[in-house]
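For reference, the structure discussed in these notes is given below.
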Amino acid sequence: MQRLLSLLIILAAFAEGQTPGQPDKMSDIYIGPGQDTLLIDEDFVQNGNIIIYGDGVLLVDNAKLSMSGHIWAQNQGKAVFRNNAWLHFNQFYVGQYYVFLIDSSEFEASDATVDANGVMHYAQLHDDCIYTAVRTDFPDWTFRKVFDRASLILEDVDHVGDIMVDDSCFVHFTRCDTLMPWLETCDGSIINIEFPDPDYVEHFEFSETTPGVDGIGFTFIVDQCNRCWWSLETQPGCSVTVNNSTIRGSCVRIPGSNTVNIQNIENNSFFSHLVVPLEDRLLEYNNTYVFWWNWYPMENTVFNIDSSVFGELIGRGVSETYATNCVHDGATISLAVEDSAFVSFTDGTCLAYISSWGRGTMLLTNSSVTPMWPYQSTNIAHDHSRILAVNSFFEYEPEAVDTALVMVAAIDGPSSGQVDDSIDIIGSAWMDTGEYNPSVFDRYSVSWAEDGGSEWTLIVESASQAYNEVIATWNTSGMAEGEYDLRLTLYSSTEDSLSAPADITMYPLGIEESCNQNPGRHLNFPNPFTSGAAFTYRLSENETVSLHVYDVSGRLVDTLVNETQAAGDHSVTWGLSDSSAQRITSGIYLCHFQAGDEFSQTGKFLIFR
């Protein structure tokens with residue numbers, strides 16, 4: 001009932017001409033409530049939603065309907081696409097527009113095309129609704145969520161996509177391809193199963209009649225289907241044992257108020273015997289390969305995950321998530337926060353995109369966001385939420401919409417300098433707000449303190465935003481050599497603030513350039529790099545030396561040195577290209593320096609052009 005009420009509230013918001021969290025300036029089309037049919041038999045562009053209710057019918061016949069909005073159907077409303085009809089959603093980020101069915105409504109497509117502008121699309125079914133597609137092309141990945149006695153029936157459909165299967169729904173696929181069902185194992189269910197080979201399935205049913213399956217309320221059937229990517233969505237109170245199988249996705253929902261600790265569980269791993277450390281259920285994999293892990297902390301959970309690789313992580317409710325040394329490979333899409341939750345992502349790599357919704361807060365620290373696919377290029381904050389980034393790198397800068405806030409503070413370098421000199425400090429200090437957020441950028445300040453000290457001295461205060469540029473020039477006249485702390489603080493007009501720390505080593509004038517401060521082995525390099533760079537180091541004896549450059553995903557970019565060298569000072573120049581002589585893009589990179597068997601040093605640096 002709570003889900004139904006929430007959906008009705010959303011629909012009411014649309015009926016009043018606004019989307020949740022943002023006033024709507026587009027023009028909606030209403031069909032119904034009586035026997036009202038809108039026939040589209042020639043190409044039509046709709047800049048708004050189409051809302052079908054009562055006995056209303058949307059019929060698109062041998063024409064293209066291009067939409068910048070949702071299709072909403074309720075109370076037996078029906079949308080029909082036939083005879084080479086083409087439904088095009090003109091969307092630019094994942095899940096921007098939906099097909100949404102409620103209260104016995106229907107969506108029917110036959111000999112049609114449904115595309116989402118190259119971006120992943122969503123459809124959601126509730127309350128006895130029916131979604132059918134026969135001989136229909138879905139060129140973009142689709143995520144269909146099926147709840148509350150709804151039915152999903154697809155025949156002769158390639159590239160099906162994700163399917164969330166739970167409650168008392170009915171799902172049947174015939175002669176389909178590339179489907180990824182997320183089979184819910186609810187409270188009280190007991191599952192002990194071996195899934196068939198995913199490459200081709202003649203017939204498989206997952207229901208109460210399946211041996212080893214008890215306590216589920218839905219029926220899922222596949223007939224003559226290719227690439228059935230079995231995936232599980234486990235809930236508290238279930239007992240799930242999977243044997244001798246290939247699991248595409250393992251989705252773990254964690255509601256409650258417990259503290260959960262996960263460590264060293266990675267995507268693309270074979271588990272001879274793994275019991276996931278969860279107190280509220282049994283989740284066991286035996287001789288099973290798991291491609292992707294999805295973690296969903298909810299309610300009041302405190303979730304700690306360390307040194308792991310996952311496909312998706314979304315914090316919900318008022319949960320708290322602390323992810324350290326992790327890689328989000330984006331295989332199952334998003335790193336996100338919703339519903340007043342908090343997600344901290346520290347010393348990590350995101351290979352997809354990030355998003356925040358509904359008063360959630362996403363904090364990135366010493367991390368990078370570099371998507372592998374073009375459709376994952378939008379990092380976005382929605383609806384009173386916040387994205388905060390400290391000393392982090394984005395290939396595509398995050399943006400705020402409606403009432404949201406984005407703040408970015410970063411000190412990128414240098415990591416060393418000379419006393420009695422003027423040092424340019426490179427970094428970023430900027431913010432972005434949605435159209436309906438009254439906050440604006442106020443100022444930033446840069447200060448210094450002795451290493452570990454509490455007395456801060458102001459270097460500069462500025463009312464101008466900065467983007468990967470000189471944010472301060474530090475006059476170090478009269479200062480002593482040693483370790484110092486730097487601090488960049490960004491302030492908004494509504495008293496929000498964000499600080500980024502950095503360490504810097506100060507050497508006597510003239511020594512840093514000649515490496516005389518290093519009686520033994522030590523690597524020096526400028527930070528950031530712009531057009532080219534020189535790595536310098538001193539060897540106290542003849543040694544085998546290697547110097548490699550990696551990107552933040554761990555991929556080897558270039559090998560600069562790999563040989564035995566004589567004692568003395570050495571310099572290696574690098575033209576900011578990879579081993580194939582291809583130009584390196586802006587971003588964060590790592591250099592690994594090895595001298596002999598006992599000395600190793602890894603440094604992080606920024607390239608910007």
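The values are calculated or read from the model by the stated rules, or taken from the named source; none is laboratory data. Being a predicted model, the structure only gives us computed values, none of them experimental. When we count neighbours, we look across all protein chains shown, and the Cβ atoms used for this are built from the backbone with ideal geometry, even at glycine.
A single entry from H172, H159 fulfils the requirement of being of a type outside the set (F, W, Y) and not in a loop (DSSP other than H, G, I, E, B): H172. Within the range 128-139, the residues that satisfy the criterion of being out of contact with any Lys or Arg (no Cβ under 7 Å at 6 or more places or on another chain) and surrounded by fewer than 19 Cβ atoms within 10 Å (Cβ to Cβ) are I130, T132, V134, R135, D137, P139.
Among the residues of the range 560-578, those identified as surrounded by 12 or more Cβ atoms within 10 Å (Cβ to Cβ), within 38 Å of the chain's Cα centre (by Cα) and without any contact (Cβ under 8 Å) to a residue 40 or more places away in the chain are L560, V561, V572, S577, D578.
Look at the range 163-186 and say how many of its residues are at pLDDT 95 or above and surrounded by fewer than 17 Cβ atoms within 10 Å (Cβ to Cβ). Of the residues in that region, 4 qualify. Residues in the range 411-438 that are over 11 Å from V470 (Cα atoms), in a strand (DSSP E or B) and of a type in the set (S, T, Y): S416, S422, T433.
Can you name every residue in the range 33-52 that is assigned to a loop (DSSP other than H, G, I, E, B) and at pLDDT 95 or above?
So the first thing to find is which residues in the range 33-52 are assigned to a loop (DSSP other than H, G, I, E, B), and the list is 33-36, 41-43, 47-49.
Of everything in the range 33-52, those that are assigned to a loop (DSSP other than H, G, I, E, B) and at pLDDT 95 or above turn out to be D41, E42, D43, N47, G48, N49.
Condition test on V119, is it in a strand (DSSP E or B), out of contact with any Gly (no Cβ under 6 Å at 6 or more places or on another chain) and under 15 Å from S66 (Cβ atoms)? Give the steps one after another, and end with the answer.
Details: in a strand (DSSP E or B): no; out of contact with any Gly (no Cβ under 6 Å at 6 or more places or on another chain): yes; under 15 Å from S66 (Cβ atoms): yes.
Taking the combined requirement at face value, the residue does not satisfy it.
When the range 258-290 is filtered for residues that are buried (at least 19 other Cβ atoms within 10 Å of the Cβ) and closer than 25 Å to F195 by Cα, the ones remaining, listed by number, are I265, N267, R281, L283, Y285, T288, V290.
Taking each residue of the range 65-85 that is under 18 Å from D36 (Cβ atoms) and looking for partners that are in a strand (DSSP E or B) and charged (D, E, K, R) with beta-carbon atoms closer than 6 Å, six or more apart or interchain, yields K78/E106; V80/E108. With respect to being closer than 21 Å to G330 by Cα and in contact with a Ser or Thr (Cβ under 7 Å, 6 or more places away or on another chain), F170 falls outside the description.
Taking the criterion of being more than 24 Å from T332 (Cβ to Cβ) and assigned to a loop (DSSP other than H, G, I, E, B), the residues of the range 367-396 that qualify are H384, N391.
Take the residues of the range 75-113 that are part of a strand (DSSP E or B) and among the charged types (D, E, K, R): which is farthest from the chain's Cα centre (by Cα)? Write out each step before concluding.
Applying the first criterion (part of a strand (DSSP E or B)) to the range 75-113 yields 78-82, 86-89, 98-101, 106-110, 113.
If we keep only those that are among the charged types (D, E, K, R) as well, we get 78, 82, 106, 108.
Details: K78: 34, R82: 35, E106: 32, E108: 32 Å.
Here the residue is R82.
Of a type in the set (V, I, T), surrounded by fewer than 21 Cβ atoms within 10 Å (Cβ to Cβ), touching a Phe, Trp or Tyr at 6+ places or on another chain (Cβ under 6 Å) and within 22 Å of V160 (Cβ to Cβ): is that true of I221 in this structure? Please lay out each step first, then the result.
Working: of a type in the set (V, I, T): yes; surrounded by fewer than 21 Cβ atoms within 10 Å (Cβ to Cβ): yes; touching a Phe, Trp or Tyr at 6+ places or on another chain (Cβ under 6 Å): no; within 22 Å of V160 (Cβ to Cβ): yes.
Taking the combined requirement at face value, the residue does not satisfy it.
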